[in-house]
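Written below as structure tokens is the structure these notes are about.
The values are calculated or read from the model by the stated rules, or taken from the named source; none is laboratory data. Worth saying up front: this structure is predicted, and the values here are computed from it rather than measured. In this analysis, Cβ positions are derived from the backbone assuming ideal geometry, glycine residues included, and neighbour counts consider all displayed protein chains.
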Amino acid sequence: MTARAAIAAMTAYTLDLREAEVKLNQNESPFDFPFKTEALLRIAGRPWNLYPDFESTGLRTALAEAFDFAPENILTGNGSNELLAATVATFVGPGTPVVFARPTFSLYEKLITIAGGLPVPVALDPLTGLLPLEEMLRALEALRGAVVIVCSPNNPTGGVLPADGLQKLLDTGATVLFDRAYGDFALDILPPLHDRLVTLSTFSKAWGLAALRVGWLASTAATCREIRKVKLPYSLNIVSETIAAMALEQRALRDANVEQVIAERERVAAALSAIPEVTAFPSGANFIAFRSPATFENFLAHGVLVRKYDGFLRVSIGSREENDRFLDALSAILVRDAAMGVRS
């Protein structure tokens, strides 16, 4: 059996799987869910021989109440990636131009290619990692029937759209897919509903539930009805659905955790900015992208796992102790390199 040519030419989404004492490569929360016993009791009370709620009505209702929407404005799925795939399949067909920043989350371009769309990447500023809003707007003005995918804060660089950025993108007439997986760390607010705007969120980051794979999207009821035609049924199990609804009951805890992550991000950013050999991108997320003489392998040798990209590294913001391990490793690497340079 031969795959379609477009698929055969693609590479799979992969992660460099390594083991390390300090894991700071996947933008995970350093705070685990503290109500596991209560969660297990709730799940034990549900029948496991029956399918979960077909429409995830309980979780959608809880999300609607938490964020001042109606349940028909919300869809839930197995991580925001599943919802992103369904949304791209809904709005992108053969030849549809899709504008996105590069580098950004690599799954976007893969989903565009699978749908037969025309990828239109716009390069980020290589010195700052900031989102190239004006360049994206110019690209959209020259295209008809375009879609734009924007991640803000952007993964992997951390750049954030200006306050009027989404409205400017909508004003071009494009359909806007807004991935706010890291938006809580930028203290953003969910934008108003719009027929050409789909806002994708996740429980994996700020909520600390990456293991459960729960995502949700918000849009107008009419747009949600169209995406629902594409989305797979029964994509959330009772475990994920129950615990995500429980998490919404603990928003104060989520907010406190986000506050701690932001404080640590600023502390780490300040430490990096004080090192002449390091250039850190400004970040509104729970990670920092940076350039330095230190390599992925250097950090791994010191027991710290970071993420490598073409020309830079990205470190997730972990606990204070994990962040100190990262900074200590960076210092040790640079001191060693300096000593080797002196000897040479």
Qualifying positions in region 101-116 - out of contact with any Cys (no Cβ under 9 Å at 6 or more places or on another chain) and in a helix (DSSP H, G or I): LEU107, GLU109, LYS110, LEU111, ILE112, THR113, ILE114, ALA115
Candidate set: region 3-29, residues that are of a type in the set (A, V, I, L, M) and over 24 Å from THR113 (Cα atoms); chosen: the one modelled with the lowest pLDDT: LEU17
Selection within region 133-160 - within 29 Å of ILE317 (Cα to Cα) and either among the small types (Gly, Ala, Ser) or without any contact (Cβ under 8 Å) to a residue 24 or more places away in the chain (or both): SER152, GLY158, GLY159
Number of positions in region 280-298 that are touching a residue at least 40 places away in the same chain (Cβ under 8 Å) and not aliphatic (A, V, I, L, M): 9
Positions within region 278-321 being over 29 Å from ILE189 (Cβ atoms) and in a helix (DSSP H, G or I), in sequence order: PHE296, GLU297, ASN298, PHE299, LEU300, ALA301, GLU321
Breaking point among (1) of a type in the set (Lys, Arg); (2) closer than 22 Å to ALA70 by Cβ; (3) surrounded by 18 or more Cβ atoms within 10 Å (Cβ to Cβ), for ARG225: (3)
Yes/no for LEU75 being farther than 30 Å from PHE299 by Cα, at pLDDT 95 or above and not in a loop (DSSP other than H, G, I, E, B): yes
Close pairs from region 112-124: first closer than 16 Å to THR87 by Cβ and assigned by TED's automatic domain parsing to the domain that holds VAL88, partner part of a loop (DSSP other than H, G, I, E, B) and charged (D, E, K, R), Cβ under 9 Å, at least 6 apart: ILE114/ARG4
Looking only at region 17-61, and only at residues there that are closer than 23 Å to SER201 by Cβ and among the acidic types (Asp, Glu), the one that is surrounded by the fewest Cβ atoms within 10 Å (Cβ to Cβ): ASP32
Residue match in region 302-317 (condition: surrounded by 16 or more Cβ atoms within 10 Å (Cβ to Cβ), among the aromatic types (Phe, Trp, Tyr), farther than 30 Å from ASN49 by Cβ and within 20 Å of the chain's Cα centre (by Cα)): yes
Residue check for PHE33: under 28 Å from the mean Cα position of the chain (by Cα) and at pLDDT 90 or above: yes
Boolean, ASP184 is under 16 Å from ASN257 (Cα atoms) and modelled with pLDDT under 95: no
3 or more residues touching a Phe, Trp or Tyr at 6+ places or on another chain (Cβ under 7 Å): qualifying strands (runs of 3 or more DSSP E) within region 118-187: 147-151
Some residue of region 235-257 being touching a Ser or Thr at 6+ places or on another chain (Cβ under 7 Å), assigned by TED's automatic domain parsing to the domain that holds SER319, in a helix (DSSP H, G or I) and surrounded by fewer than 21 Cβ atoms within 10 Å (Cβ to Cβ): yes
Condition check for ALA163: of a type in the set (A, V, I, L, M), farther than 28 Å from VAL214 by Cα, surrounded by fewer than 20 Cβ atoms within 10 Å (Cβ to Cβ) and free of Cβ contacts under 8 Å to residues at least 12 places away in the same chain: no
